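The values are calculated or read from the model by the stated rules, or taken from the named source; none is laboratory data. Just so you know, these numbers come straight off a predicted model, no measurement behind them. With ideal geometry, Cβ positions are generated from the backbone for all residues, glycine too; neighbour counts draw on all protein chains shown.
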Amino acid sequence: MRSAPLPPVAVGDWVDDVEPATRSHVGGRHARIPDHRLEEVRRAYFASVMHVDEQVGRLVAALKASGLDRNTWIIVTSDHGEFLGDHHLFHKFMPLEPAARIPLVVRPPAGSAFDRAGSVSDAPVLLTDVMPTILDLASVTPPAGLDGVSLPRELLPPDARSAARRMLHIEHHGGLGAFQCLCDGRVKYIRDGISGREWHFDLVQDPAELHDLSAETDLSGFRERLVAILRPRDDGLVVGGQLATGVRVSPTAEWVRSSAREVT
């Protein structure tokens, strides 16, 4: 990794231009990171990914050697990506592509008749889809009330899918913002609930999210859809039928409170 060229850091034209140095959020503050230090950090991260890949390879080799690969599904994914200086950011807190777009690799058992083996899909999915997918592949009916869906029904060839794509709802509360996001894999709407700032990206024409289109796009449909999602939760994110500003809540708070009541 020391001699391999690194991919360029993506910095959108919507990013506040403080100075060329990259910033990192540490303890709620921005600390400037010199370019040479940023390169060291990025190389270390990519090296760690290579190490994990090698360990997965060892696991697959052991399954083949024991013959267990003929009845084993292998699913490789991650909880989030990493900015690594993209848009002058580090870590994961904002739902931009470097943090939100992660691999999901599903390998069927050797000799499987699974008809989508070897295919690639751009259908947007969530981590909550993994559990019902595993149950479905094991011929176990997923329990009712899950937020996720079983992916085999979702991952159809593009020409066989309906024109209506699944719109994902993503949120993050904490750190430097309280972000809500709607994304169908082609377009993305992001709103910071603290400042009220909005972003809109065309992921087909601009996959690196270099150009914010919010100033030239009617965002009312996204706002209305987000209100419809958040209003039933009654956690202060919607007030008077409108998206609230300056509100930071934990999306797990009510679940924790209700679970505590059930235990007691």
Which residues, taken from the stretch 101-152, are out of contact with any Gly (no Cβ under 7 Å at 6 or more places or on another chain), of a type in the set (A, V, I, L, M), at pLDDT 90 or above and farther than 28 Å from Gly67 by Cβ?
Leu127
State the number of residues belonging to the stretch 38-84 that are under 30 Å from His211 (Cα atoms), of a type in the set (Asp, Glu), in contact with a helix residue (DSSP H, G or I) (Cβ under 9 Å, 6 or more places away or on another chain) and surrounded by 11 or more Cβ atoms within 10 Å (Cβ to Cβ).
1
Using beta carbons and a limit of 6 Å, which pairs, at least six apart or on different chains, have the first residue in the stretch 53-81 and farther than 21 Å from Ala138 by Cβ and the second one assigned to a helix (DSSP H, G or I)?
His80/Ala99; Gly81/Pro98; Gly81/Ala99
Evaluation of Gly81 against (1) closer than 30 Å to His169 by Cβ; (2) more than 20 Å from the chain's Cα centre (by Cα); (3) not aliphatic (A, V, I, L, M) (one fails), failing number:
(2)
Looking only at the stretch 129-142, count every residue that is in a loop (DSSP other than H, G, I, E, B) and not β-branched (Val, Ile, Thr) and tell me the total.
3
Just a yes or no: is a residue in the stretch 117-128 in contact (Cβ under 8 Å) with a residue 24 or more places away in the chain, among the β-branched types (Val, Ile, Thr) and assigned to a helix (DSSP H, G or I)?
no
Within the set of pairs 6+ apart or on separate chains, which have a first residue in the stretch 201-213 that is among the small types (Gly, Ala, Ser), a second that is in a loop (DSSP other than H, G, I, E, B) and surrounded by 14 or more Cβ atoms within 10 Å (Cβ to Cβ), and C-beta atoms under 8 Å apart?
Ala208/Ala10; Ala208/Gly12
When you look at Ile75, is it modelled with pLDDT of 90 or more and in contact with a Ser or Thr (Cβ under 6 Å, 6 or more places away or on another chain), yes or no?
no
Filter the stretch 85-108 down to the residues that are part of a loop (DSSP other than H, G, I, E, B) and either in contact with a strand residue (DSSP E or B) (Cβ under 9 Å, 6 or more places away or on another chain) or surrounded by 19 or more Cβ atoms within 10 Å (Cβ to Cβ) (or both) and list them by number.
Gly85, Leu89, Phe90, His91, Lys92, Phe93, Met94, Pro95, Leu96, Pro103, Leu104, Pro108
